[in-house]
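Each value in this text was obtained by applying a stated rule to the coordinates, not by laboratory testing. Source: prediction; values computed, not measured. So basically every Cβ, Gly included, is an ideal-geometry build from the backbone, and we count neighbours across all protein chains shown.
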């Protein structure tokens, strides 16, 4: 008899908890609908088409193509003319040649040969926009790329095979590899500033937003405001501790990268400090806004992930956001995490200073101020 009652109690408890769960639309949205939307967005970005577009920097050339190739023409020119590549000009008047290799099974591969000087090519390779640089010397094609970059290795293999198949370059003997191992051109140089920027976002989101939401859900904020505590002091203290921790965490990460990979800061140290602080302020403001009205930790988790996950994937932390469709890049570049990561890379590996980073600093500061003021307008202490 007691066992039957116990089983009935268990069934009723399961039913009650299930009904409580399905009556909370926020939990259903963040637990079911949001992951589906994320998978849809990433699926469109990465599997919408199987064609590969790769930009190749060509240096040491005033013009990439002639109307009629001659024996004295460069190897790359003769190759592009022989394959009837499409010649285009961008908005700056720079010449580029587009060559598409059709493949029904693996997808088309399009190479865009862009003429530029060496300095421009080095900037683009540091930003992750390109992964290989070509030039010529004595009839041999020189390939400049990071040997530790698998994308660059794949591009090199495709190009050498393409040239050899076309009969312009006879085998690999005319292909010379020039490894780019100087500071700023390696993948690790691209990665570390992105990880530092992502650390600011994740630390602020979970250290500020979740802390406030959790205390509100446990009725701790109600008890704290009942004391003589000044409300603004509570938020300022929470943000200050998190910002200080972000500086410590970023400093330790850079120290490790300096010791292990010999990474250096090539730009202005004061500009890096100001930009990093502006990034902290921006994400602190966003964190206050997210946590201003939420009293359930489940919904708080969803809101934090809804803000942080898209930026973590799209903002070019682990790979260049130029891998995404062209129509989306202008939007991605406006994300706070993208502004912070790009600004830190420009200082650390491109040698930028205060003038070059003034715009992202101003945008981040204004973003933080807007979200902080808006969050305080609707902030709920209990």
What Kirkwood hydrodynamic radius do you get for the range 187-377 when you take the inverse of the mean 1/r over all pairs of distinct Cα atoms, in Å?
-> 17.2
Which whole number in µm²/s is D for the range 275-382 by Stokes-Einstein, with the Kirkwood Rh taken over Cα pairs at 10 °C and 1.306 mPa s?
-> 106
Run the numbers on the range 247-382 and let me know its relative contact order in percent, using alpha-carbon pairs under 8 Å that are six or more apart.
-> 47
With a Förster radius of 35 Å, plug the Cβ-Cβ distance of residue 157 and residue 253 into 1/(1 + (r/R0)^6) and report the FRET value to the nearest 0.05.
-> 0.55
Go ahead and run the numbers for FRET between residue 298 and residue 177, Cβ-Cβ distance against an R0 of 51 Å, rounding to 0.05.
-> 0.45
C-alpha center-to-center spacing [the range 328-382, the range 185-217] in angstrom = 14
With the contact rule set at Cα under 8 Å and sequence spacing of 6 or more, what percent relative contact order holds for the range 191-295?
-> 56
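Highest mean first, how do 313-324, 225-236 rank when packing is the count of other Cβ atoms within 10 Å averaged over residues?
Put in order of decreasing packing, that is 313-324, 225-236.
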Applying 1/(1 + (r/R0)^6) with R0 = 35 Å to the Cβ-Cβ distance of residue 329 and residue 237, what FRET efficiency is obtained, to the nearest 0.05?
-> 0.35
